[in-house]
1. Read through the list (1) closer than 23 Å to residue 274 by Cβ; (2) within 16 Å of the ligand (Cβ to nearest atom), then give the number of the only condition that residue 184 fails.
2. If only one of 122, 151, 146, 116 is under 22 Å from residue 211 (Cα atoms), within 16 Å of the ligand (Cβ to nearest atom) and either outside any helix (DSSP H, G or I) or touching a residue at least 24 places away in the same chain (Cβ under 8 Å) (or both), which one is it?
3. Go through region 69-105 and count every residue that is more than 20 Å from residue 18 (Cα to Cα) and in contact (Cβ under 8 Å) with a residue 12 or more places away in the chain.
4. Among the residues of region 162-174, are any touching a helix residue (DSSP H, G or I) at 6+ places or on another chain (Cβ under 7 Å) and farther than 30 Å from residue 318 by Cα?
5. Which residue is farthest from residue 293 (Cα to Cα), if the candidates are limited to region 400-418 and must be assigned to a loop (DSSP other than H, G, I, E, B) and more than 8 Å from the ligand (Cβ to nearest atom)?
6. Report yes if some residue within region 398-412 is surrounded by fewer than 16 Cβ atoms within 10 Å (Cβ to Cβ) and in contact (Cβ under 8 Å) with a residue 40 or more places away in the chain; otherwise report no.
7. Which ranges mark the helices (runs of 4 or more DSSP H) fully within region 5-108 that have 3 or more residues being within 16 Å of the ligand (Cβ to nearest atom) and within 23 Å of residue 415 (Cβ to Cβ)?
8. With respect to residue 235, determine if the residue is more than 16 Å from the ligand (Cβ to nearest atom), touching a strand residue (DSSP E or B) at 6+ places or on another chain (Cβ under 8 Å) and part of a helix (DSSP H, G or I).
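FYI, it's all coordinate maths here, none of it is from the lab. Given the structure is predicted, the values throughout are model-derived calculations rather than measurements. Cβ atoms come from the backbone with ideal geometry, glycine included; neighbour counts cover every protein chain shown.
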Ligand code: BG6
């Protein structure tokens, strides 16, 4: 075998509660912003498919966890829906939700699949959004209470906790680029949401450590390395600025306890600094993570700004750099994302050299493909050889980073079974396991799922 991975490497996949459970208005769950947005603007979702019945995990979790085992998983991440556990955001804990999450966790442990639990995957309860989302101190405190409730209920069995998945996504998609509800376009408010999220995260880390449970807590960040078009100082500066906005805005405070000073300067000059109390900075400083999850899909290529933005246009990070399309880049045409495997190595080496070699794992990586049914073979399963190649080519670079001392502990694919993906709904499929929406959510393991079983049983390929 050419690529052998360290002992006890976490092999598995990731998903989230809102994207897989379905049962949106069952057993006491109340709406999140996704249910509400779909109700008022169904046209913003691919083929008009909303979040009500996503992949049916609420009813089929036993079968699904058996398939995790069958496909060689030793670990799996999902998330607890705040709107299921504490349906009003604040107050009563829903006993039906406790029962459901207990069942899922116990079943995973029974099948030898380590549960990794995330607490927030873009899914703000509607009642909390109405109070201002993470712009509001009350909502920050409510989130911390929700997190603490989860630690107390499930922390005896769940050993790996994550406060947020891709916390920058609700900031950019919801408050800058009109991609998610509440469809605000306002940099100052975006900065306030980012700060509020960072504070909520640090307070949850503090609450977890105070309970002295035998486990670790971290956060999951989507890191998109910024590659400059050239070595021209203007291109280098542009890439540095993009890196500050999209990577270091969260990476620095959660690992080093501080925001990058040059990012603070950019915001200060434009009067975009968020409101905060001096003790907030202390809390962020003192409560850094034990472990980092890294989601990696695509690189960002950047060049110096070519034209002045229109003076009336609302401020965007792209007012300080241009995105750059490298000629002949390798693309995933369905998602419109560049495929650049080496970035996974560059991320790992950056964490090794500039972030104290913090323990991390690849918490998402994957390839979304539209119309996969056309690859169904005569045995009735999807031959997704492109996915196998995608994973292998990323693992080769990850393996190299580990050989050079990067502190990486696992690899999770996005995702276990095809799931609902926000505004893209079921457009692009990412799973090891097909979910057939026309046949009552029938699950069929794809070629990649079978291949993963072999990979993980050999701990390499
Ligand atoms: C990740 C998110 O960034 O990308 C997931 O954590 C999401 O929630 C996945 O489903 C794929 O996104 P898309 O837009 O390609 O379907």
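1. Among (1) closer than 23 Å to residue 274 by Cβ; (2) within 16 Å of the ligand (Cβ to nearest atom), residue 184 violates only (2).
2. Only one candidate passes the filter, namely 116.
3. Total satisfying the criteria: 6.
4. no
5. Once the filter is applied, the top-ranked residue is 418.
6. yes
7. Correct list: 17-20, 33-40.
8. Criteria met by residue 235.
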